[in-house]
Structures are given as structure tokens and as C-alpha cells.
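Data first, discussion second: the structure below is written as C-alpha cells.
The values are calculated or read from the model by the stated rules, or taken from the named source; none is laboratory data. If you're wondering where the values come from, they're calculated on a predicted model, not measured in any experiment. Cβ coordinates were reconstructed from backbone atoms using ideal geometry, including for glycine residues, and neighbour counts include every protein chain displayed.
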Amino acid sequence: MYQFSYAEIMADDVADSKDRERQVLDKAITMLQAAMRNGRESREAVEALFFTRRVWIAFIDDLRSPENQLPLSVRADLISIGIWVLKEAERIRVRKSDNFKGIADIVTIIRDGLK
């Protein structure tokens, strides 16, 4: 019987976690692109903003956690990005912006950084 080392299990867990994060960000990007096509008054826009907000609130909560193993400076930078995403989503919601592309571009950059 093959026995996994603790390091192998932890490496797999981190890889699985990053894969899940990429999948969630992919979904947010797809939803934001649909919102761009259909306009900020569309159902797709409402759903994209709601989903994207939930994702970034969860990310920020995780980044604030003392158990998060990312370097503090990286965590701070990602929290700042998350706050910008949340503010921009709110500006779209209250019809002061239609910058779905800006949010999608930032989310894409973050997703692509999850290697």
C-alpha cells in the first residue's frame, strides 16, 4: 500500500485550492463578459455583480486570516485590489459606471497569476 507523505498531501491540497480559485474566477469572468454584452440593466449584469462581490468578499476574508500563508505584502496588495473591485461593482450597480471590462481584466490578471 502506498503511503502519502504529509508534504505530498499539503502540496495536493494547495494545488486543489488554487484550481478551485481559478474555476471561481473563470466563472466570474464569463459572467462579467455576458454582462458587458447585455448591458448594466440586464439580469446578467445583476448576477455578475452579485457573484463577483461574493467571490471578492470571500477572498478578502481569507486574505485577512492569520492562517493565510501568503506574504503579508501580497495579501495587502490583493486586499487593495479586492476593495477596488467591490467599489467598482458598486459604482456599476448604482449606474455611475459600466466598467465591467475593467473588473473582468483585473480578475483575469489575478486568475492568470494562480499558477
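Worth a mention:
- Test: residue in segment 44-52 that is touching a residue at least 12 places away in the same chain (Cβ under 8 Å), among the hydroxyl-bearing types (Ser, Thr, Tyr) and surrounded by 13 or more Cβ atoms within 10 Å (Cβ to Cβ): yes
- Residue among 80, 97 that is assigned to a helix (DSSP H, G or I) and at negative phi: 80
- Qualifying residue in segment 90-100 (condition: touching a Ser or Thr at 6+ places or on another chain (Cβ under 7 Å) and acidic (Asp, Glu)): no
- Unique match (being modelled with pLDDT of 95 or more and not aliphatic (A, V, I, L, M)) among 3, 69, 33: 33
- Against the conditions (1) within 21 Å of residue 19 (Cβ to Cβ); (2) of a type in the set (D, E, K, R); (3) buried (at least 17 other Cβ atoms within 10 Å of the Cβ), residue 67 satisfies every one except (3).
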